[in-house]
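Since the structure comes first, as C-alpha cells, the remarks are kept for the end.
The values are calculated or read from the model by the stated rules, or taken from the named source; none is laboratory data. As the structure is a prediction and not an experimental result, all values here were calculated from the model. So basically every Cβ, Gly included, is an ideal-geometry build from the backbone, and we count neighbours across all protein chains shown. Calculation scope for accessible area: heavy atoms of the full protein, side chains included, ligands and nucleic acids excluded. Shrake-Rupley method; radii C 1.70, N 1.55, O 1.52, S 1.80 Å.
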Amino acid sequence: MSVGIVSVTDVTTVREREPEKTAKNAAESRLALVRRARRVNRRLAETYPDARAELDFTTPLELLIATVLSAQTTDVRVNQTTPELFVMYPDAQAYAEANPDELEEILRPLGFFRAKARAVIGLGQALVERFDGEVPGRLKDLVTLPGVGRKTANVVLGNAFGVPGITVDTHFGRVARRLGFTTEEDPVKVETEVGELFPRKDWTKLSHHLVWHGRRVCVARNPACGACSISDLCPSYGEGETDPEKAAKLVRPAPERSESAGLPLK
C-alpha cells in the first residue's frame, strides 16, 4: 500500500522539473489555481491509488453508524468496535429498540459511550419512523437525522451511494488551506470554495486524497514536506521538514484494513 513517500531523487527531480511552481505566488490567477488544483488531485491519485473511506462497512447503515461513532475517536478504534456492534444490531429497528446499558458496554472503548449510545438509538428511531428503516440517499434527508451534519452526510452519500460529495474534516481543511485552495475555516465555506475548483464527479475521490495525505504526510505539526509527492505544487512547502531522509521518517503508515470492507460505489 502506498503511503505517500517519495525518494530523495524523486523529490529533487520533481522540483527541478517545474521550478516555477515552487515559489509562493500570491498573484495566482483563477485559471492557474484551477489547473494547479487538478494537477494536485491527479498526483495524489497516483500516490494513493487505494484511497477510500477508512471506516469498515458493508451497508449504508453500517457506514452511517460508524461515521457518527467516529466523532472524537479514531477510525481504527471504531473499526475494532463495530464488528460486534453490527452483528448485534443488523438494522435500524434493532438500534431503535436497543437496551441502552448493553449498547453502552459495546461502545465503551470509543469514549463518550453514553452519549454515543443515545445518538445511535435516536438515529435508529428516526430512520424507522421517517424512512421505513432505510438510510436515505439524499443530502437534504440525511441532514435531518439526529447527529448527522453535512460532513457525515457526504461521507455516506459518496461512499455508500456513489453521490459525489466533499467531506470537510480537520485533515481536509488543513491540507486545502496549505495548498491555497481556500482561506476559509468554516467547513461549509471550505466545501463550497474547493468544490468550485473540481468537476463534481471528482469530489468524493478528492476528499479521500486530501484526507489520506493529511493523515500521513501533511500532518498538523511538522508536515513531511521533503517526502511529499506534491511539494512542487504546494505554496506552503517549507512549513515542515524539508530534508527528504528526515521527512520520510515522519510519514505515518496507513492502518491495516480488511480487504473485504467497504461498499463499492454504484
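Would you confirm whether any residue within the range 95-102 is surrounded by fewer than 21 Cβ atoms within 10 Å (Cβ to Cβ) and of a type in the set (Phe, Trp, Tyr)?
The first filter runs over the range 95-102 and keeps only residues surrounded by fewer than 21 Cβ atoms within 10 Å (Cβ to Cβ), leaving 96-102.
After this cut, where a residue has to be of a type in the set (Phe, Trp, Tyr) as well, the list is none.
Within the range 95-102, not a single residue is surrounded by fewer than 21 Cβ atoms within 10 Å (Cβ to Cβ) and of a type in the set (Phe, Trp, Tyr).
Output the number of the condition that Thr67 fails; it satisfies all remaining conditions of (1) under 14 Å from the mean Cα position of the chain (by Cα); (2) exposed (fewer than 13 other Cβ atoms within 10 Å of the Cβ); (3) polar (S, T, N, Q).
(2)
For the range 78-138, please list each of the helices (runs of 4 or more DSSP H) lying entirely inside it that holds at least 1 residues being modelled with pLDDT of 95 or more, closer than 26 Å to Gly162 by Cβ and not aromatic (Phe, Trp, Tyr).
Working: elements: 92-96, 100-107, 113-131.
Counting at least 1 such residues, we get 92-96, 113-131.
Could you say whether any residue in the range 176-184 is among the charged types (D, E, K, R), open to solvent by 10 Å² or more (accessible area, probe 1.4 Å), out of contact with any Leu (no Cβ under 8 Å at 6 or more places or on another chain) and over 17 Å from Val217 (Cα atoms)?
The answer is yes, given that some residue of the range 176-184 is among the charged types (D, E, K, R), open to solvent by 10 Å² or more (accessible area, probe 1.4 Å), out of contact with any Leu (no Cβ under 8 Å at 6 or more places or on another chain) and over 17 Å from Val217 (Cα atoms).
Determine if the range 125-132 includes at least one residue that is touching a Pro at 6+ places or on another chain (Cβ under 9 Å), of a type in the set (A, V, I, L, M, F, W, C) and touching a residue at least 24 places away in the same chain (Cβ under 8 Å).
Kept after step one, since they are touching a Pro at 6+ places or on another chain (Cβ under 9 Å), are these residues of the range 125-132: 125-127, 130.
Subsequent filtering for residues that are of a type in the set (A, V, I, L, M, F, W, C) retains 126-127.
In the following step, the residues that additionally are touching a residue at least 24 places away in the same chain (Cβ under 8 Å) were identified as 127.
The answer is yes; a qualifying residue exists.
Which of the residues that make up the range 74-91 are under 25 Å from the mean Cα position of the chain (by Cα) and among the aliphatic types (A, V, I, L, M)?
Val76, Val78, Leu85
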